[in-house]
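Right, one structure below, let's go through it.
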Amino acid sequence: RIDTSVVLSAVIAWIVNPPLFDDGWVLSTVRAFPELGFFSNFFTVGNAAQPMGYWWTTIERLWLSNEATPVALLRIPAALLVVIGWVVLRRYVLEAAVGGWRRSAIWMAAITYCLYVFAFSPTLRPEPLIALLLVIELGLVARFHTSAEPRVLTLLAAVPAIAVACHHTGLLVACAGLAALPDLWAWMRGDQAARRVVGSVVVSAGLLLGLLLMMGSNLSVLDS
């Protein structure tokens, strides 16, 4: 019943919620790409390049470019991100935090999540993707608390890099990752090998962020 409530909320919001003001901005940004050669933040003489969002906006071109597509179909990916986000949140965050199916806690989380769905989703903006990345990061924090592994640490650093390179609200994902600092400090203390692993992970995450920031239109704008 809990999962069904969340899915129904996503479906109702997908059909009933009016488009956000910025949905038109996203459509204009994507559909003007063939003429401009890059994603433009504002359509002025300067044609300022969009500072964030290009890798996700590049993917959005797959379903936003066709001007004949109804708005309801354009919002299907956002609704799917909402459902996937709840599955990740319930399975990898809530159950790890409350020690199983404590129904009152799960129901409270579901109600809060449904309120988020009706307030902010579905939208063509990147927030549904940022929300999914946020719950993934929280799940990784919980996993690192129980099993400090280099693989989990690598993902802990990579997910914020992906989120920040998608949209400035991705900074929320980076802030959530800071919750792992106490466990990270305990893991590194007195272990030289662990410190080397952390250093390499930080450098790799920085390189990943830089690569994603240069993808899409920004590289051509810098070149010009």
Number of the condition not met by Pro19 [criteria: (1) at pLDDT 85 or above; (2) surrounded by fewer than 19 Cβ atoms within 10 Å (Cβ to Cβ); (3) under 16 Å from Phe118 (Cα atoms)]: (1)
Count of residues meeting criterion [over 17 Å from the mean Cα position of the chain (by Cα), among the aliphatic types (A, V, I, L, M) and open to solvent by 20 Å² or more (accessible area, probe 1.4 Å)] in the stretch 141-177: 2
Hits in the stretch 179-196 (condition: open to solvent by 20 Å² or more (accessible area, probe 1.4 Å) and under 10 Å from Glu137 (Cβ atoms)): Ala179
Filter result (farther than 17 Å from Pro126 by Cβ and part of a loop (DSSP other than H, G, I, E, B)) within the stretch 140-188: Ser147, Ala148, Glu149
Total residues in the stretch 153-190, condition within 21 Å of Gly210 (Cα to Cα) and of a type outside the set (Gly, Ala, Ser): 17
Candidate set from the stretch 209-224 (those that are modelled with pLDDT of 70 or more and either surrounded by fewer than 17 Cβ atoms within 10 Å (Cβ to Cβ) or acidic (Asp, Glu) (or both)); member that is nearest to Thr57 (Cα to Cα): Met215
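The values are calculated or read from the model by the stated rules, or taken from the named source; none is laboratory data. What you see is a predicted model; the values in this text were computed from it and never measured. Neighbour counts run over all protein chains shown; Cβ positions are idealised from the backbone, glycine included. When the accessible area is computed, the model is the full protein with side chains, heavy atoms only, and any ligands, DNA or RNA have been set aside. Shrake-Rupley method; radii C 1.70, N 1.55, O 1.52, S 1.80 Å.
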